[in-house]
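Worksheet: the structure to be examined is printed underneath.
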Amino acid sequence: MAHNALTYPYLVEIFPFEVRAKGLSVFQWFSRAALFFNQFINPIGIANAGWKYYISYCIFLLFEVFFVYFLFPETHGRTLEELTFLYEDDKVVEQKRRVDEEIRNQDHGKDINIDERLEAKA
């Protein structure tokens, strides 16, 4: 995956709503820093080291490939709700508890949880 417009939907998928703006800001900051480096530092390195400078560039690209492959979560085939479960486990447990309690109140105190109710509907 290249650095293109698809990075923004990916970031929206992986960041919880509460930190999405901060995450996109950090991404923008690093993108601008990389563009600055590309525009002003690379020509100096190529002028001084010649073709050897490309070796350091290739090593950094290799590092990026391994970093993305091993540390970025896979989002293919998952809904946004499933991705929420990956990053907001504590909140999901709390929400499930509240839903169970609300259903119990609606069923006039019957001891039934959300999983049993979903299975009964299926």
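Assorted remarks:
- Pairs meeting the criteria (first residue in segment 1-15 and under 14 Å from SER31 (Cβ atoms), second residue part of a helix (DSSP H, G or I) and at pLDDT 80 or above, beta carbons under 8 Å, at least 6 apart or on different chains) are HIS3/SER31; THR7/PHE27; TYR8/LEU24; LEU11/ARG20; LEU11/GLY23; LEU11/LEU24; LEU11/PHE27.
- Among residues of segment 46-59 being among the aromatic types (Phe, Trp, Tyr) and surrounded by 10 or more Cβ atoms within 10 Å (Cβ to Cβ), the one that is nearest to ALA34 (Cα to Cα) is TYR57.
- Residue in segment 22-31 that is among the aliphatic types (A, V, I, L, M), modelled with pLDDT under 90 and in a helix (DSSP H, G or I) present: no
- Contacts under 7 angstrom Cβ, first residue in segment 23-37 being within 16 Å of VAL12 (Cα to Cα), partner surrounded by 10 or more Cβ atoms within 10 Å (Cβ to Cβ), 6 or more apart: GLY23/LEU11; GLY23/PHE15; LEU24/LEU11; PHE27/LEU11
- Any hit, segment 74-93, residues being exposed (fewer than 10 other Cβ atoms within 10 Å of the Cβ), at pLDDT 75 or above, among the acidic types (Asp, Glu) and out of contact with any strand residue (DSSP E or B) (no Cβ under 6 Å at 6 or more places or on another chain): yes
The values are calculated or read from the model by the stated rules, or taken from the named source; none is laboratory data. Just so it is clear, the model here is predicted, and its values are computed rather than measured. Glycine also receives a Cβ, built like all others from the backbone with ideal geometry; neighbour counts cover every protein chain displayed.
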